[in-house]
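Some notes on the structure that comes next.
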Amino acid sequence: MIEGAAKGFLGTSAGFGADLNLTIQLIMGVALIGGTFLARAKRYAAHGVCMTTVLVLNLAPIAVVMLPSFGQLVLPRLASHLHKRYYAVAAVHGVLGSAAELLGLYVLMVAGTNMLPEAWRFKRWKPWMRLEFALWMAVLLSGIGTYIVWYTPLWRR
Amino acid sequence: MKRYIRNVVVCAGLLGVVASAAMIHGSQIARAAEEKNAAASITIDNFSFTPKEVTVAVGTTITWVNHDDVPHTVVSPDKKFRSKALDTDDQFSFTFTDAGTYNYFCSVHPIMTGKIIVK
């Protein structure tokens, strides 16, 4: 849960869960950027392991931190409060994040398994992977934005 | 005639005593009711509770009002009270029926803490 009594370690008003989540997401972002360099160096096996690890590991913070927080603090008032920065930034992050995670899982299933029928499999890899990478970076930026709006009062004034 | 005057004086005295007793009793009831319905308010603004520490009498109802533009909560670590997420201008009230010291915090922003002392 993002809620709790434990204080965070990044010097903002966020709790430990939120700070840990942001730190993990930044490390994952760096790992993804590293993964693109592996692909450019034609080290495709290492690239696949790197991207898959990040994609699968990210399911944990989504399930443990982000979804419960979104469900408790944003979803109940989203429809009537979407004009407010607090809800809008979280909604944008939620939509982009869901799209990035689902697209990533799709790319992983096409690239790493034979689970999908031929008709559902793409042939051109680069556009899909570049789209996924761009989406993930947008998610990372919107996540940082969400953290700032939610937990840093000095930056809001 | 003398006897009559004495009776009047005695009756007046008794009436005075009864009236005084009634007034004292009434004021005690009023004070008790006042204490019972005592109220205090704590504002939430710029990620802090103001005042941070409050001392109140037993039976006081404290109301927290969120003036921030982000949601906050009011949570007792020992689960004596817990608000839902309070959006801008939302309120949460709790009546303190037992003496003691009650710490609380915002579960979204644990850096925000406060204390209620009930005497």
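Computed from phi, the 3J(HN,Hα) profile of region B:112-119 under the Karplus parametrisation 6.51, -1.76, 1.60 (θ = phi - 60°) reads 7, 9, x, 9, 10, 10, 10, 10 Hz, with x in place of Gly and Pro.
Less than 27 Å apart at the alpha-carbon level, and either on another chain or at least 8 residues along: which lysines does that give for A:Lys126? Once the sequence-local lysines are set aside, what remains near A:Lys126 is A:Lys42.
Among A:29-36, B:58-65, how do they line up by average Cβ neighbours within 10 Å per residue, starting with the highest? Could the numbers behind the result be given before it?
Working: A:29-36: 16.0, B:58-65: 18.0.
By packing density, highest mean first, the sequence is B:58-65, A:29-36.
Taking the square roots of 5 times each eigenvalue of the Cα gyration tensor of region A:17-146, largest first, gives ellipsoid semi-axes of 29, 17, 13 Å.
Mind checking the mean number of beta-carbon atoms from other chains within 10 Å of the Cβ atoms in B:73-83?
Details: counts 3, 0, 3, 0, 1, 0, 0, 0, 0, 0, 0.
Rounded to a whole number, the mean comes out at 1.
Averaged over its residues, how many other protein chain Cβ atoms are within 10 Å of peptide A:12-18's Cβ atoms?
Shielding by partners across A:12-18 averages 4.
Residues B:Thr55, A:Thr52, ranked from the fewest to the most other C-beta atoms within 10 Å, line up as B:Thr55, A:Thr52.
Bridging of B:Lys115 to aspartates and glutamates at a Cα separation below 15 Å is possible for B:Glu53, B:Asp78, B:Asp98, once same-chain residues fewer than 8 apart are set aside.
Loop-resident chymotrypsin sites (Phe, Trp or Tyr not before Pro) (DSSP state other than H, G, I, E or B) in region A:90-157 with no more than 14 further Cβ atoms inside 10 Å of their Cβ: A:Phe122. With a ≥ b ≥ c the root eigenvalues of the C-alpha gyration tensor of region B:39-118, is it rounded (a/c under 1.5), prolate (a/b larger than b/c) or oblate? Judged from the Cα gyration tensor, region B:39-118 comes out prolate (a/c at least 1.5, a/b above b/c). Taking amide H atoms as placed 1.01 Å from N in the peptide plane, the amide H of B:Asn103 lies under 5 Å from those of B:Ile116, each 5 or more residues away in sequence or on another chain.
Sparsely packed loop sites in region A:1-53 (the chymotrypsin sites (Phe, Trp or Tyr not before Pro) outside DSSP H, G, I, E and B with at most 15 other Cβ atoms within 10 Å) comprise A:Phe9.
3J(HN,Hα) along region A:109-124, derived from phi through the Karplus expression 6.51 cos²θ - 1.76 cosθ + 1.60 where θ = phi - 60°, amounts to 5, 6, 7, x, 9, 10, 6, 8, x, 4, 5, 8, 9, 7, 9, 8 Hz, with x in place of Gly and Pro. Residues whose amide H comes within less than 5 Å of that of B:Val56, counting only those at least five positions distant or on another chain, are B:Ile117, B:Val118, B:Lys119 (H built at 1.01 Å from N in the peptide plane).
Going from the residue with the fewest nearby Cβ atoms within 10 Å to the one with the most, A:Cys50, B:Cys106 rank A:Cys50, B:Cys106. B:Ser41's amide H: which non-local residues (gap 5+, or another chain) put their own amide H closer than 5 Å, with H modeled 1.01 Å from N in plane and none for Pro or chain starts? It is B:Thr63, by chain and number.
Computed 3J(HN,Hα) for region A:44-57, one whole-Hz value per residue from the Karplus formula 6.51 cos²θ - 1.76 cosθ + 1.60 where θ = phi - 60°, is 5, 5, 5, 4, x, 4, 4, 5, 5, 4, 4, 4, 6, 4, glycine and proline marked x.
Where a number appears in this text, it was derived from the coordinates with a stated rule and is not lab data. The structure displayed is predicted, hence computed values, not measured ones. Ideal geometry is used to build each Cβ from the backbone, glycine not excepted, and the neighbour counts take in all protein chains shown.
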